[in-house]
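Step one of this worksheet: look at the structure below.
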Amino acid sequence: MKRIIYSSQATYDMSPDELVDLLALAREHNTQSGLTGMLLYCSESFMQMLEGDAAAIHATYERIMADDRHTNLRLLLDVEAGSRLFPDWTMGFEHVDDEQLAASLDGFVPETEYPLVNPDLVNDGGVAQRLLMLYSRNRVA
């Protein structure tokens, strides 16, 4: 089993309805592909963890790279994993506002553009994984 975490910049500020639609499509695709994970969205930036079969993850990541809603993709983590961190979540989701992110990400100030893509704030996969796990604690699948 494989786990990846990537971040990307949204090409525009997505509305709540667009985020709901994106989440519904991700959950459908992930169910069909046997993938689980967590998605954060904040200030026009995404961070997502995907876990499951390596071929399914590769195909999904290739699709995301070709998606015109994403730019400036950064692969933060790409590892073999013994177990899933989100075994029951086809895709957990959290739309984080600036105040929430400032409370959990050292160095973040609300004026920071695309914070989840910023290498000064999220400098490696460990920081990304801790951030995703933090926001997943009180979420439901």
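Some points to look at:
- In segment 81-91, the count of residues that are closer than 19 Å to Q9 by Cα and small (G, A, S) is zero.
- Yes/no for R84 being touching a residue at least 40 places away in the same chain (Cβ under 8 Å) and within 16 Å of V117 (Cα to Cα): no
- Failed criterion for L25 (all others in (1) under 13 Å from F93 (Cα atoms); (2) surrounded by 17 or more Cβ atoms within 10 Å (Cβ to Cβ); (3) without any contact (Cβ under 8 Å) to a residue 60 or more places away in the chain hold): (2)
- In this entry, S33 is excluded by the filter for residues that are of a type in the set (G, A, S), touching a helix residue (DSSP H, G or I) at 6+ places or on another chain (Cβ under 8 Å) and under 26 Å from P119 (Cβ atoms).
- Test: residue in segment 33-42 that is touching a His at 6+ places or on another chain (Cβ under 7 Å) and crowded, with 19+ Cβ neighbours inside 10 Å: yes
- Among the residues listed as D124, D120, the single one being surrounded by fewer than 13 Cβ atoms within 10 Å (Cβ to Cβ), modelled with pLDDT of 85 or more and within 17 Å of R3 (Cα to Cα): D124
- Residue in segment 5-22 that is closer than 18 Å to D120 by Cα and in contact with a helix residue (DSSP H, G or I) (Cβ under 6 Å, 6 or more places away or on another chain) present: yes
- Segment 72-117 - residue that is closer than 14 Å to I5 by Cα and β-branched (V, I, T) and, of those, surrounded by the most Cβ atoms within 10 Å (Cβ to Cβ): V117
- Residue under evaluation I57, criteria (1) closer than 22 Å to A24 by Cβ; (2) crowded, with 18+ Cβ neighbours inside 10 Å; (3) out of contact with any Leu (no Cβ under 9 Å at 6 or more places or on another chain); (4) among the aliphatic types (A, V, I, L, M), criterion not met: (3)
The values are calculated or read from the model by the stated rules, or taken from the named source; none is laboratory data. Quick caveat: nothing in here was measured; it's all calculated off a predicted structure. Virtual Cβ from ideal backbone geometry, glycine too; neighbours counted across all protein chains shown.
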